[in-house]
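Everything below concerns the one structure shown next.
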Amino acid sequence: MTRKMQAAQVERFGQPLVLKELDIPTPGAGQILVKTEACGVCHTDLHAAGGDWPLKPTLPFTPGHEGIGIVTALGAGVTGVREGDRVGVPWLYSACGHCEFCLAAQEPVCGKAQFGGYTKNGGFAEYIVADPNYVARIPAGLAARDAAPLICAGITSYKGLKETQVRPGQWVVISGIGGLGHLGVQYAKAMGLHVCAVDIDDRKLEHARRLGANAAVNARTGDPVAAVRKITDGGAHGVLITAPSLPAFKQGVGMTRKHGTCVLVGIPPGDFPTPLFDLVANCITIRGSFVGNRRDMAEALAFAAAGMVKADIEMQPLSAINAVFERLAQGEVPSRVVLDFAD
């Protein structure tokens, strides 16, 4: 008798996910099977289910790219992991491994990259087939529920901070203190940076202060650019924009000091309003940052294993996924939701 599993799938873009009973997949050569323990819910999952981006997933598909679980079966030829290992199946599902980008440890932009919960079925299911060469190795002592948000939100905010090239003792602005931003504050403090948190919600700004932010600015009150420039004595050395907001993007460039770097990880709809004169005259760098490579993943998880970073999470069952998506679309999820597969 074929063994079954529960999964939440997108059958039509823009429609509620469908809870289905599917056959448990069998890993092929060079693949592994992971029994899901927990899977984080990301705003990207909402975009995937809506078919919002130019490259759309093939229907039907299973979202989820923050899946953590135990390896239960190995396909032929797999030697890099063992049954019983705890791993994460992240956004970067696989890459070709030999193009110019892969050889330079820039595999997230490989032209043949595959993405978990998007071009490959993801973690909104009790079992996931994964590529053992690209799974995240979860450190001992780091619980599945705590690791789940780190393999997307964590690595994305951590890599974005690295891309600002801000040094210890210098100022970084983190704009948007949500699922990514609250982790960004913790990573920045662990990296020895001075942090100015920017948001439009006083509760999130208070949260940022509790996490160690040196200063906080409400972008709805007064002139946030002027406020940041005063706090940082002329502008931050780096700005990380996690908020999917065009006004936040424009403000972020204004908050960047001369010869500083503004890094974009949020993806709002529309065109980026770039003030070209200020950009050129002040020698400001604007840089996009797209998740991170496998070394970034190991570093991001190591901070958490050392107790320096911890995601604020809310646990929900897989059956609640549509309600979670609705709250996420309305901006009513303060940090990260993690789906619990423990039962």
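The values are calculated or read from the model by the stated rules, or taken from the named source; none is laboratory data. Since the structure is predicted, the reported quantities are computational estimates derived from the model, not experimental observations. Using ideal geometry, Cβ is built from the backbone for each residue, glycine included, and neighbour counts are taken over all protein chains shown.
Structure data summary
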{"read-out": "Residue list for the stretch 1-21, filter: of a type in the set (Val, Ile, Thr) and surrounded by 12 or more Cβ atoms within 10 Å (Cβ to Cβ)", "value": "Val10, Val18"}
{"read-out": "Verdict on Met297 being over 15 Å from the mean Cα position of the chain (by Cα) and either more than 23 Å from His207 (Cβ to Cβ) or not small (Gly, Ala, Ser) (or both)", "value": "no"}
{"read-out": "Identity of the residue in the stretch 313-331, within 20 Å of Gln15 (Cβ to Cβ) and of a type in the set (D, E, K, R), that ends up surrounded by the most Cβ atoms within 10 Å (Cβ to Cβ)", "value": "Arg327"}
{"read-out": "Leading residue by the ranking (farthest from the chain's Cα centre (by Cα)) among those in the stretch 140-158 that are buried (at least 24 other Cβ atoms within 10 Å of the Cβ) and over 17 Å from His43 (Cβ atoms)", "value": "Ala147"}
{"read-out": "Test: residue in the stretch 257-266 that is surrounded by fewer than 13 Cβ atoms within 10 Å (Cβ to Cβ), basic (Lys, Arg) and not assigned by TED's automatic domain parsing to the domain that holds Ala144", "value": "yes"}
{"read-out": "Helices (runs of 4 or more DSSP H) contained entirely in the stretch 143-212, each with at least 1 residues that are touching a strand residue (DSSP E or B) at 6+ places or on another chain (Cβ under 9 Å) and acidic (Asp, Glu)", "value": "144-147, 153-164, 202-210"}
{"read-out": "2 or more residues acidic (Asp, Glu) and assigned by TED's automatic domain parsing to the domain that holds Gly111: qualifying strands (runs of 3 or more DSSP E) within the stretch 1-96", "value": "18-23"}
{"read-out": "Selected residue (criterion: surrounded by the fewest Cβ atoms within 10 Å (Cβ to Cβ)) from residues of the stretch 267-312 that are within 27 Å of Ala208 (Cα to Cα) and of a type in the set (Phe, Trp, Tyr)", "value": "Phe272"}
{"read-out": "Qualifying position, being over 20 Å from Cys152 (Cα atoms), buried (at least 22 other Cβ atoms within 10 Å of the Cβ) and at pLDDT 95 or above, among Ile68, Ile32", "value": "Ile32"}
{"read-out": "Criterion: of a type in the set (Asp, Glu), free of Cβ contacts under 8 Å to residues at least 24 places away in the same chain, in the same structural domain as Phe13 (by TED's automatic domain parsing) and part of a helix (DSSP H, G or I) - qualifying residue of Glu299, Glu326", "value": "Glu326"}
{"read-out": "Filtered residues of the stretch 205-247 (kept if among the hydroxyl-bearing types (Ser, Thr, Tyr) and surrounded by 24 or more Cβ atoms within 10 Å (Cβ to Cβ))", "value": "Thr242"}
{"read-out": "Considering residues of the stretch 258-282 that are small (Gly, Ala, Ser) and assigned to a loop (DSSP other than H, G, I, E, B) only, the residue nearest to Ala248 (Cα to Cα)", "value": "Gly266"}
{"read-out": "Qualifying residue in the stretch 167-183 (condition: farther than 14 Å from Val263 by Cβ, in contact with a Gly (Cβ under 7 Å, 6 or more places away or on another chain) and surrounded by 24 or more Cβ atoms within 10 Å (Cβ to Cβ))", "value": "yes"}
{"read-out": "All positions within the stretch 35-60 that are touching a Cys at 6+ places or on another chain (Cβ under 8 Å), within 14 Å of Phe115 (Cα to Cα) and surrounded by 24 or more Cβ atoms within 10 Å (Cβ to Cβ)", "value": "Cys42"}
{"read-out": "Subset of the stretch 1-47 that is of a type in the set (Val, Ile, Thr) and touching a helix residue (DSSP H, G or I) at 6+ places or on another chain (Cβ under 8 Å) - its residue that is nearest to Arg327 (Cα to Cα)", "value": "Val41"}
{"read-out": "Lone unmet requirement of (1) touching a strand residue (DSSP E or B) at 6+ places or on another chain (Cβ under 9 Å); (2) farther than 29 Å from Ala48 by Cβ for Pro275", "value": "(1)"}
